[in-house]
1. Viscosity 0.692 mPa s, temperature 37 °C: what is the translational diffusion coefficient of segment 190-306 from Stokes-Einstein with a Kirkwood Rh over Cα pairs, rounded to a whole number of µm²/s?
2. Arrange the following residues from fewest to most other Cβ atoms within 10 Å of their Cβ: 33, 80, 307.
3. Based on alpha-carbon positions alone, could you give the equivalent ellipsoid semi-axes of segment 50-166 from the gyration tensor, as √(5λ), descending, whole Å?
4. Residue 372 to residue 396: FRET efficiency via 1/(1 + (r/R0)^6), r the Cβ-Cβ distance, R0 45 Å, to the nearest 0.05?
5. How would you order 455-467, 180-192 from highest to lowest mean count of nearby Cβ atoms within 10 Å?
6. Calculate the translational D of segment 178-240 in whole µm² s⁻¹ from Stokes-Einstein, where the hydrodynamic radius comes from the Kirkwood formula applied to all Cα pairs, the temperature is 20 °C and the viscosity 1.002 mPa s.
7. Anything over 27 Å Cα to Cα? Flag those among 429/474; 118/154; 382/402, in the order listed.
8. For 100, 136, 128, which order do you get if you count the other beta carbons within 10 Å of each Cβ and list the fewest first?
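Just so you know, all these numbers are worked out from the coordinates, no wet-lab data involved. Here the structure is a predicted model, which is why all the values come from computation and not from measurement. Cβ placement follows ideal geometry from the backbone for every residue including glycine, while neighbour counts extend to all protein chains displayed.
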Amino acid sequence: MSLQNLLGLGGGAEVYVSVSPACGLEMIAVDKHGNIKSYAQTPIDYNEAQREISNYDDFKAGLETLFQMRNINPAKAKIHLSVPTVWFGAKEGLPLLLDDTAITNVVIGDLEQTYIFKRKEPMPFWFDALASSNSDSRNVFYTAVQKESINQIKDIITAMGATLVSVDCSLFADLKALYVTGIAAEQMQDGYSWSLMIINNSGFQMIGLQGKKILEYYEEPLPIKSYEGEEIYAAIENAAQIALMSTPSSALVVLSETDLVSAEILAGRLQFSGKTIPVEDNQFRKEPLMEMSLNIISEDQIKVSLHAIGGIQPPGVMPVDVNFLAEGGKTKVETAVIEINLGGKVLELTPNKASVLVIILGLIIMAPIGLAYYITGNMLVKKQAESQALDAQITQLDEQLKKYETKKEDNSFDPLAEIEIVLKNNRTKIMAYAALGESIPQNLYLTYFMTGDDGKINIKGCADSVEDVYVFFKNLKDSLVESKLRLSKLDLKNESLDKVINSTASTIDTAPYIFEITNMTDSQLQVFMNQLTSGGSDKKSSNNNTNANANANNTADNTEKAADKSNTANQETK
């Protein structure tokens, strides 16, 4: 569906069609101000006994004729139909707790008892009666048409490409016309009690009203066509006297819809003390019921019925707007259509179309806001995620701090004790260095020395004799009593004894015995040597060997220092 169709631009014509026994089939088109700008009428037979159109083929032909006479394209036309009142009644004393569906069912049950709707399904419409202040029950008025008849009319209109918008009845069309023409405008003011008498070929109806609101309804069937001349007025007068006496009113509007009865003559014969207002909606009419456009010739202006005038009135003229197509058969108040001229095209703005327009404009306006909201929302989500991550880190750090505080409370970490351990380790190293310098014999050379923070000691060297090794070992043990040193290795070098025997000077290269002194176990010593070997061969080893590399570097420095000191001591001795 295009935006033009959605908003009602360039839609079909709006036409009003009414059906009545006296005037046949009428079609009216109105201008934007609601004034009649086009009118056409054609005869059609109406079965007053069955209260429906006699032949629907004639209805179709007559409707096509009216469209041609007024040069209106029926395609997409919107048709408002008003038909003669088939039935009108009242239902009193309904429980207040009944919902709308239950009331509709009660109304249908009453209608099915009537002679018309015993054989044809009713299409009802009901509304609440004027309730008194102390009422403990609910009263409703209802009207109905034959559902089959409306469906046939709807099919004919649909086949022409048009749309049936609403279906009204003559009673309410007449009331609206009496008000807008000014005929009974005074009587339809609030608080004014008056009566409406409608005469047709089937008899007459008497409606008691207060302003625009219906208070009571009475129908008297009369075979008016069977009477002649004066007999008709006498029969109506006699039958109406009782109804007039039981309906105290200030005014009486006499509306004749049959060519057999003059409203003016009948009003003069009725015994009524109040004001009488005759309305001719038949052959006795001498002037148009209202002012019309000059486009309509005088002959047609006189033909326009009160029924047709009421059918073109917008919703809201009366408290109740009858539409048999309303869902559930309950009163459904329609609202006026606003017409806006846009560049020669008329925009018909109804509440539904206005709602659609507001939605479209809202979407256009809200699109940038929605985009900004989307972007802002994503940023907010991202910031929230970052905030949550920071909260998680803070929570983790808090837990770690709590652990450290717990450890401190448990005295598991003592700073003074840790300082004592560091000082003890350093003291052990210093004592080891001092003992080493004091214990080296004359012909003994150190090739490797290592001492760590954990008190581990490892010493390697060579000597001219076994006695020198044992003297050195004994001196160390005496100086480092708690170190638990042991002589882990004492052996000859892998050189020939001839070279050793023929040597005339004692040097580190000619010393025949090698030894190793340590306080580590064989397994600890093996692990340490493996770490030392790994650290020396690859300076880019993994973090697991970092400590071993550090120890190896310290060991190398210590070895060089010890060797230099040993050699210096030997030279001084010599």
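1. On the way: Rh = 15.0 Å.
The estimated diffusion coefficient comes to 219 µm²/s.
2. The fewest-first ordering by Cβ neighbours comes to 33, 80, 307.
3. Values: eigenvalues 249, 50, 25 Å².
That gives 35, 16, 11 Å for the three semi-axes.
4. Plugging the Cβ-Cβ distance into 1/(1 + (r/R0)^6) gives 0.80.
5. Highest-to-lowest ranking by the protection proxy: 455-467, 180-192.
6. 166
7. 382/402
8. Ordered by Cβ neighbours within 10 Å, fewest first: 136, 100, 128.
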